[in-house]
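One structure is given below, encoded as structure tokens.
The values are calculated or read from the model by the stated rules, or taken from the named source; none is laboratory data. Values in this document were obtained by computation on a predicted structure and should not be read as measured data. Backbone-built Cβ (ideal geometry, glycine too); neighbour counts: all protein chains shown. With ligands, DNA and RNA removed, areas are computed over all heavy atoms of the protein, side chains included. Shrake-Rupley method; radii C 1.70, N 1.55, O 1.52, S 1.80 Å.
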Amino acid sequence: MVADEVLLELIHAELVNYAYNKADASKDNDKDKKDVDFSSLEYTGFLTGYRMIERLTKDWPRFKDELDTVKFICTDFWSSVYKKQIDNLRTNHQGVYVLQDNAFRFLSKISAGSQYLEHAPKYVTFTCGLLRGALANLGIVSLVTAEVQPMPAVKFHIEVKRS
């Protein structure tokens, strides 16, 4: 439904605004805003992804391997959150996966100009946490980072931590 899609965008915008203003209020006024710590936003995404994947996979059999799990994330999980599948998945078969979304929903409303590129990280932080939380619940400990391509394209890098 369109209402659900708008609701997700509004909630995300408020989460980013809250994290940004909270961090900004705790700093001195003469410090640069580029140093904002978005760990609370990433952790909120982690908790959300952890809980969402539990509901999505309750009727699924266990995944046979790590690649099947990441494929599930790219298709079913991404579709349930962003109403589309990941555009591209690449792996080196050694625990590194790159998920590319060419029209990332939370960046599509922002102008593609270079002056807005510095604001892009705050809009992908929640999704990094969302991916990390979903994978953690499926037994994969990982580090998730994002690389903003020419907006609104984003590459999410997943590095699986081996014990």
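Filtered by the rule that a residue be more than 21 Å from V141 (Cα to Cα) and at pLDDT 95 or above, region 29-78 gives no residues. Restricting F72, F63 to residues that are hydrophobic (A, V, I, L, M, F, W, C), touching a residue at least 12 places away in the same chain (Cβ under 8 Å) and surrounded by 18 or more Cβ atoms within 10 Å (Cβ to Cβ) narrows the list to F72.
Within region 79-102, does at least one residue satisfy the condition of being aliphatic (A, V, I, L, M), over 11 Å from the mean Cα position of the chain (by Cα) and within 23 Å of E14 (Cα to Cα)? Looking for residues that are aliphatic (A, V, I, L, M), over 11 Å from the mean Cα position of the chain (by Cα) and within 23 Å of E14 (Cα to Cα), one finds none in region 79-102, hence no. Checking region 114-121 against the condition returns no match, with no residue being of a type in the set (A, V, I, L, M) and either modelled with pLDDT of 95 or more or under 11 Å from the mean Cα position of the chain (by Cα) (or both). Residue check: I86 meets all listed conditions (1) more than 16 Å from I158 (Cβ to Cβ); (2) surrounded by 15 or more Cβ atoms within 10 Å (Cβ to Cβ); (3) out of contact with any His (no Cβ under 8 Å at 6 or more places or on another chain) but one, namely (1).
Residue check: S39 meets all listed conditions (1) under 14 Å from the mean Cα position of the chain (by Cα); (2) farther than 23 Å from E5 by Cα; (3) in contact (Cβ under 8 Å) with a residue 40 or more places away in the chain but one, namely (3). Report whether or not V81 is of a type in the set (A, V, I, L, M, F, W, C), within 21 Å of V6 (Cβ to Cβ), open to solvent by less than 30 Å² (accessible area, probe 1.4 Å) and touching a residue at least 40 places away in the same chain (Cβ under 8 Å). It is true that V81 is of a type in the set (A, V, I, L, M, F, W, C), within 21 Å of V6 (Cβ to Cβ), open to solvent by less than 30 Å² (accessible area, probe 1.4 Å) and touching a residue at least 40 places away in the same chain (Cβ under 8 Å). When only residues in region 89-110 that are part of a strand (DSSP E or B) and either closer than 11 Å to A146 by Cβ or without any contact (Cβ under 8 Å) to a residue 40 or more places away in the chain (or both) count, which is most open to solvent (accessible area, probe 1.4 Å)? Filtering first and then ranking leaves R90. Taken as a whole, the condition of being at pLDDT 95 or above and not in a helix (DSSP H, G or I) does not apply to L130.
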